[in-house]
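The structure appears below as structure tokens.
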Amino acid sequence: MKLGLFIPCYIDAFFPEVGVATLELLERLGCSVEYPLDPTCCGQPMANSGCQDDASATEALFVHCFQDFDTVVGPSGSCVHHVRFNLDAIEQTPQAQKVRGRTRELVEFLLDDLKVVGFPWAAFPHKVGLHDSCTAVRGLGHARPSERVNEPYFSKTRDLLDKVRGLELVKIDRPDECCGFGGSFCVTDEAVSAKMGYDRVHDFHRHGAEYIVSADMSCLLHMKGVIDRLKLPMKVIHIAQILNGGPP
Amino acid sequence: MTRPVDPERRAAGFIALELHESTHDRLVWGMRQNRDKAVAGVPEWEELREMASRIKEHTLTHLDHYLEQFEKSATKLRTHVHWARDAEEHNAVVYDVLNAHRVKSLIKSKSMLQEECGMTPYLQQRGIEVTESDLGERIQQLSDEPPSHIVVPAIHKLRTDVAALFAEKIGTDPKDSDPHALAEAMRQNARPRFLKADAGMTGANFAVAETGGFVVCTNEGNADIGASVPPLHIASIGIEKLIPRGRDLGIFIRMLSRSALGTPITQYTSHFHGPRRGGELHVVLVDNTRSDRLGSPDFWHALKCIRCGACMNTCPVYRRGGGLSYGATYSGPIGVILDPGFDLSKYRELPFHSSLCGSCTDVCPVKIDISDQIYKWRRVVAAKGLLSFAKRVGMSALGKTLAHPPLYHSAEAVGEWALEHLPRFLLYNPLNPWGKHRELPAVPRQTFRQWYIENRRKP
Ligand code: SF4
């Protein structure tokens, strides 16, 4: 199986270690992974602002770069969600449909496709707060949203973290409240976005989390910005880093 | 072109009040939690949602039939049925009826439709005294503000705000902010007006085509005073309020108050079938852009709304910024998808006042795809050339750069390039809005791409 690695633009630029952890983890699990050098972004920033015209060239580039892979895997729920559900600023050619249908988010790829049973190399003896991102929960169906009170709780991210030695998950007050990142929303609606970020981070802090873990680095980028400003004794970490054996 | 309302600036103002924002978030989130508890007591909740959604879809796709059926059955009950194409016609019809009865003073219960039509100022300009009978709505009327929430209109105010307002307007003790005392003071003040009113007005939560009756749900029983004390009762009903049969009501009544406040049912669920003895009952069926919306494949589902407010209660943006930040009749997620349909130019910024978290879609008892519609409204705004200058310039520049790998990758370190350019690209703004409350990430030594070339591509 030819597996294409999709590293979103902001991970490439700001969190290369998350890209490295994703790549190493997939290799460890026996995948042969290739990272095409040309893709820049999935088009989401423009499309989310309603700018289909501005998104189309980037989306076309994305499809072009990944069309020869059997599967595309990316460590970001919101980017994968865009590719699968909203990448429609370009003509829906067979190639576009193929790439969209085969793009998988890392957590679902590990759990549902590879059916990984354990990460024997991974230990993380810390109190960890789980942030399932909004697009992962409500867009990709990776966890039961809190609104659906009559259905049993599940979270694919949690299922993976349960396989890590020593890791202790803390309970928080508002399990799937949005962190306020929201793409360009974080700058255009600065006051609301920042307040949401503060509230979210305080919820984790109040409950003793040492780390906030997520499969979505964009949320973590936002919460890290808040943690650093407030100088709280907490860190953020992408799930790929934990599953790959902890931060370097 | 109308000047757009600026929800971001208004929300920032509300958040700056600190105590207002934190109290508001706590109270409104409390309603969401109560909703969760109430829903947990109804194991078949998801089936109810599905049924409610289907009934509404069926009615809306056969609306002409059901409207005529309603008119026929209501007329048989000796209800006068009027039709209004838009707000202006609605107000004129109402005024004509009031005028024919020489009405000088009117009490009304909360009606979002009458808000939407701007009815109160219209009648006041013509010499009719209008008094809101719902406590929260009365508070908003005295403050000269629209409701900030469709179920609890003054939820953005602190007790002390209400005490100050009542002290100024009805002469209570400004230091006494006990809620019971305040409610009692308003009761004493409003009672005489209720008793002397010449007419009462209500909205309607549901209108039943089969029976020609309609239902008004309140928690204060205030609609019932308006409908029972004065001899004349006028109800304004949006054409989307129709449901086919009396027995369909059970589904909606079970969901409405559970979704809104987490109570099994509203304190008062009043059914009106024709005028009471010696009285007169008029119903105004109002379109006001509803049939345009019905013709829109992307947005017609919004007409299923039963105005429960659950989407507002769950919305993290609404809870932080408050309902007045939307600057419109309807606020919160439902407002974001309704308001642009009334005036796209004025409300063009509302679809961006959302983080697209999607929670609204999951709480909505009639399964409106609210979050998807917000996303689609952004496209409409952009396609009509109504994007703000900052967004337009930012997105076009970003789109060009990201479409060209050499351009994008040419910078030695993309991170530095991004840090320097992205905020300006996004905002065209010399101040960095990210950095006001948050730190920017440090720029790593190399990008992932550079690492990959060094570690996986080199022989
Ligand atoms: S959109 Fe749905 S949740 Fe929001 S007020 Fe209407 S019915 Fe209630």
When you scan the stretch A:215-242, how many residues do you find that are of a type in the set (S, T, N, Q) and open to solvent by 30 Å² or more (accessible area, probe 1.4 Å)?
-> 0
Report yes if some residue within the stretch B:152-162 is of a type in the set (A, V, I, L, M, F, W, C), open to solvent by less than 60 Å² (accessible area, probe 1.4 Å), without any contact (Cβ under 8 Å) to a residue 24 or more places away in the chain and not in a loop (DSSP other than H, G, I, E, B); otherwise report no.
-> yes
Filter the helices (runs of 4 or more DSSP H) completely within the stretch B:260-334 down to those with at least 3 residues that are more than 14 Å from the ligand (Cβ to nearest atom), modelled with pLDDT of 95 or more and away from chain A (no Cβ under 14 Å).
-> B:290-294
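Look through the stretch B:365-375, keep the residues that are within 16 Å of B:Ser53 (Cβ to Cβ) and open to solvent by 10 Å² or more (accessible area, probe 1.4 Å), and return whichever of them is nearest to the other protein chains (Cβ to nearest Cβ).
In the first step, residues of the stretch B:365-375 are kept if they are within 16 Å of B:Ser53 (Cβ to Cβ); the result is B:365-373.
With the extra rule that they be open to solvent by 10 Å² or more (accessible area, probe 1.4 Å), the set shrinks to B:367, B:369, B:371-372.
Values: B:Lys367: 12, B:Asp369: 11, B:Ser371: 8, B:Asp372: 9 Å.
Taking the candidates together, the pick is B:Ser371.
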Please tell me if A:Asp199 is more than 18 Å from the chain's Cα centre (by Cα) and open to solvent by less than 10 Å² (accessible area, probe 1.4 Å).
-> no
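Do any helices (runs of 4 or more DSSP H) lying entirely in the stretch B:68-146 carry at least 2 residues that are open to solvent by less than 10 Å² (accessible area, probe 1.4 Å) and assigned by TED's automatic domain parsing to the domain that holds B:Met186, and which ones are they?
Details: elements: B:87-100, B:112-116, B:119-125, B:135-143.
In the stretch B:68-146, B:87-100, B:119-125, B:135-143 are the helices (runs of 4 or more DSSP H) which contain 2 or more residues that are open to solvent by less than 10 Å² (accessible area, probe 1.4 Å) and assigned by TED's automatic domain parsing to the domain that holds B:Met186.
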In the list B:Glu21, B:Glu44, which residue meets the criterion of being surrounded by 13 or more Cβ atoms within 10 Å (Cβ to Cβ) and acidic (Asp, Glu)?
-> B:Glu21
For the stretch A:140-166, which residues satisfy the criterion of being out of contact with any Phe, Trp or Tyr (no Cβ under 9 Å at 6 or more places or on another chain), open to solvent by less than 60 Å² (accessible area, probe 1.4 Å) and more than 23 Å from B:Cys311 (Cα to Cα)?
-> A:Ser155, A:Lys156, A:Thr157, A:Asp159
Just to be sure, is A:Thr40 assigned to a loop (DSSP other than H, G, I, E, B), buried (at least 20 other Cβ atoms within 10 Å of the Cβ) and touching a residue at least 12 places away in the same chain (Cβ under 8 Å)?
-> yes
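The values are calculated or read from the model by the stated rules, or taken from the named source; none is laboratory data. Predicted model, so just to flag it, every value in this text is computed and none were measured. No Cβ is skipped: glycine too gets one built from the backbone with ideal geometry, and neighbour counts run over all protein chains shown. Protein only, heavy atoms only, side chains kept; ligands, DNA and RNA dropped before computing areas. Shrake-Rupley method; radii C 1.70, N 1.55, O 1.52, S 1.80 Å.
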